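One structure, as structure tokens, below. Some questions next.
Read the figures in this text as sums done on the coordinates, not as results from a lab. Treat the numbers as computed from the prediction; the structure is a model and nothing was measured. Every residue, glycine among them, receives a Cβ derived from its backbone with ideal geometry; neighbour counts consider all protein chains shown.
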Amino acid sequence: MRHDLIIFDNDGVLVDSEPISNRLLAGCLTELGIATSYEDSIRDYMGSAMHRVHDLVRERTGRVLPEDFDDVFHARVFAAFERELQPVAGVGEVLEKLVADGVPYCVASSGSHERIRVGHRVTGLDRWFSEDRIFSSQDVGRGKPSPDLFLYAAERMGVAPERCGVVEDSPLGVQAAVAAGMDVYGFTAMTPADRLRGATQLFGHMRELSDLLV
């Protein structure tokens, strides 16, 4: 099916940030006495907006994270991005083909606008994403698995949900796209295929994606 809009997740789909972010999130939580491994962070928090991290910690431990938790965490993440962040291999070619084919695209991320922008600047992807192509959970108040963000992005881009294709790598993102009534292409580079149940199709490398989006 040819889509009228392709909506990309950001972390793990456009920029290879999940290993960095989850390593640092696990470290920040562990420092506070909430023992969290890298694997725990990937399983529990990958694809989450920060409010979900706070909610899960409170639900599981009864503890409230410090008021400055997000600021401390993001300061560490942004510093690490400057040192080591790379674009996901092959994503530039996917974007080039979308432009050549005249297919509109945007990004809809659980991350903040600042996080998206820092990642795009460091990796050079900012050339592909003007401000009117960037949507964040900050814009809607609820992150994935709520469909709100994807529905908001589609509305702002002027495309009906059923005409959208979403590229996601997290179970929460797949759930959100399915709830929005959109086709979703599950990227299995970091997430086992069985955790992306509900995806329209699965792929393991960006070089496969362009053919799926035809």
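Non-local amide H neighbours of Val184 (under 5 Å, H modeled in plane, Pro and chain starts lacking H): which ones?
Residues meeting the criterion, in which the H sits 1.01 Å from N, are Val166, Thr200, Gln201.
Quick one: compute the contact order of region 18-84, relative version, from alpha carbon pairs under 8 angstrom and 6+ residues apart, as a percent. Please list the in-between numbers first.
On the way: 42 pairs, mean separation 21.5, N = 67.
Relative contact order of region 18-84: 32 percent.
OK, next. Once every DSSP H run of n ≥ 4 in the chain is given -39500 (n - 2.57) and the sum is divided by its residues, what mean residue ellipticity at 222 nm do you get, rounded to the nearest 500 deg cm²/dmol?
On the way: 9 runs with 95 residues, N = 214.
Computed ellipticity for the chain at 222 nm equals -13500 deg cm²/dmol.
Please give the charge dipole size of the chain, origin at the Cα centre, charges +1 on K and R Cβ atoms and -1 on D and E Cβ atoms. Round to the nearest 20 debye. Intermediate values should be presented prior to the final figure.
Working: 22 positive and 34 negative charges, 31 e Å.
Using only the charged Cβ atoms, the result is roughly 140 debye.
Then there's this: By its C-alpha gyration tensor, with a ≥ b ≥ c as the square roots of the eigenvalues, how is region 18-84 shaped: rounded for a/c under 1.5, else prolate for a/b larger than b/c, else oblate?
It is prolate, given that a/c is not under 1.5 and a/b is the larger ratio.
Looking at the chain, what % of its DSSP beta bridges pair antiparallel, to the nearest 5?
That works out to approximately 5 percent antiparallel.
Taking one equal scatterer on every alpha-carbon of region 45-95, how large is log10 of I(q)/I(0) by Debye at q = 0.16, 0.17 1/Å?
Calculated log10 I(q)/I(0) at the listed q: -0.65, -0.70.
Let me ask something additional. Return the whole-Å distance between the Cα centroid of region 63-113 and the Cα centroid of region 135-208.
Rounded to whole Å, the Cα centres lie 15 Å apart.
Taking Cα atoms, how many degrees apart are the long axis of helix 69-84 and the longest axis of the chain, rounded to 10 and kept between 0 and 90?
60 degrees
Additional query: With Cβ to Cβ distances under 9 Å as the rule, what net charge do the other residues near Ser170 carry (K, R +1; D, E -1)?
Once positives and negatives cancel, what remains is -3.
When the convex hull of the Cα atoms of the chain is projected onto a plane and the area is averaged over all directions, what value comes out in nm²?
The orientation-averaged projected area of the Cα hull of the chain comes to 10.7 nm².
Over the Cα atoms of region 55-174, compute the convex hull volume and normalise it per residue, giving Å³. Working shown, then result.
On the way: hull volume 15.3 nm³, N = 120.
Considering the Cα atoms of region 55-174, their hull volume per residue is 127 Å³.
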